[in-house]
Structure formats: structure tokens, C-alpha cells
Amino acid sequence: MRRQLLPSIVAMVIFTVILGIAFPLAVLGIGQLAFHDTANGSIVEHDGKQVGSELIGQAFTDKKGKALPQYFQSRPSAALGADGSTVAGYDPTLSSGSNLGPTNPDFLKLIDRRVKAYRKLNRLSSAVEVPVDAVTASGSGLDPHISIANARLQARRVADERGLSVKTVNHLIDENTSGRSFGVLGEKAVNVLDLNLALDDQTKSTS
């Protein structure tokens, strides 16, 4: 029994050291050296303060969940706080989708309310088609991007609220639009946090 037990213990110790300590430390070291920003959450700093992450969406609303009209709005989020405190979603500890199918009556009613709210917020007529991402949540509930079409429809409202020209706001949209992954996957998208920070800087420079 000793002949079998001793090699087993030695093997367990060796593999624990290699796979449980050395390998994780090596991966951590490579991540910190080669991908420092990404490995630490792609945290965005503005005026010396951490304001969010480029990888995790956030709501631009007041404490009651009402949209702040001077900011571009993120897509809806199903990642709601369990206690109801995260009114507008984007709770990073509760990444999730709604799990409601496209023919679910509750889902259709929710979409209808969102469409009406989107048109009202952006002063759009009933003839204007609302982009899908403006009224549906992503699978994670934490998508930091919106479509270019969504951003364009919000541009006039944001420009009016900030006293900027639509041309200036559209230029900022272009500057904060990322390309397709690997050049072919997905669609071009606009990072809402980066765009809103750029708007704040633009507003300060023109005031």
C-alpha cells in the first residue's frame, strides 16, 4: 500500500504546484505584461476618476431610472438588481437576458412600450423605424455598444440638449464607432460610454 500511496501523494503535490500555482501565475503574468488594460477590465478613467469599463454597459439615467436627455442612451438591459434598486438594469453581478421568446405576449407588450418611449424621448414620428437594439436587451444584459442607426436617431436630441450642432455630434459618433471583429464578424457599433465622455469634453470646450 505504501508503494502505491507515496507516488500518488508525490504526483498530487507536483501537479498541484504546476497546475494550481505555477500555471495560473504564468497566465497572470503574461496577461499583465502583454494585455494589461484588458486583463484589468478595460477600466475607463476620466478627469482622474474611474467612470466605467469599455466592456460593460451602463445606464445613463437618474436615480429613478429616467433617461438623461443630454446623454446617448444604452440599449435596454435585463440585468436588474434583485432588490429592484438597479432600476435601469446593467447590474454587472447579474448578467442575464430576459429569456422571453419573440412570440411571448409579455415580450411583445414590453417592446411596444419601449418603442413608444424611444420615439417620445427622441421626438420621432410614428413613421420612423426604431432600430432593434434600441428596444431589445442583449443576451448578457451588459452590452456597451449600440448600433450606428440607433446613435444617429439620438443625435438631434443630444445636440439640442447640449447646444451643439448635429454635425458635431455625428462626428463624435464616427470617432467612437468600432469596426467589425477581425474585419468580418458582426457589425460596426458605437461605444456609449466613450461617446458620452467625448460629448462631455466637447461641451466643456465650447462653453
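Descriptive notes on the structure:
- Here Arg119 meets the list (1) in contact with a Ser or Thr (Cβ under 8 Å, 6 or more places away or on another chain); (2) basic (Lys, Arg); (3) over 26 Å from Arg152 (Cα atoms) almost entirely, failing just condition (3).
- Which listed residue, of Gly101, Gly57, is surrounded by 15 or more Cβ atoms within 10 Å (Cβ to Cβ), in a loop (DSSP other than H, G, I, E, B), assigned by TED's automatic domain parsing to the domain that holds Glu161 and not charged (D, E, K, R): Gly57
- Only one of the listed residues (Val135, Val128) is touching a Phe, Trp or Tyr at 6+ places or on another chain (Cβ under 7 Å) and surrounded by fewer than 21 Cβ atoms within 10 Å (Cβ to Cβ). That residue is Val135.
- Single match in Ala198, Ala159, Ala127 (criterion: part of a loop (DSSP other than H, G, I, E, B), without any contact (Cβ under 8 Å) to a residue 40 or more places away in the chain and farther than 19 Å from Pro76 by Cα): Ala127
- Test for Ser140: is it in contact (Cβ under 8 Å) with a residue 40 or more places away in the chain and within 21 Å of the chain's Cα centre (by Cα): yes
- Test result for Phe15, under 30 Å from Asp112 (Cα atoms), at pLDDT 85 or above and aromatic (Phe, Trp, Tyr): no
The values are calculated or read from the model by the stated rules, or taken from the named source; none is laboratory data. Everything numeric in this text was worked out from a predicted model, so none of it was measured. Glycine also receives a Cβ, built like all others from the backbone with ideal geometry; neighbour counts cover every protein chain displayed.
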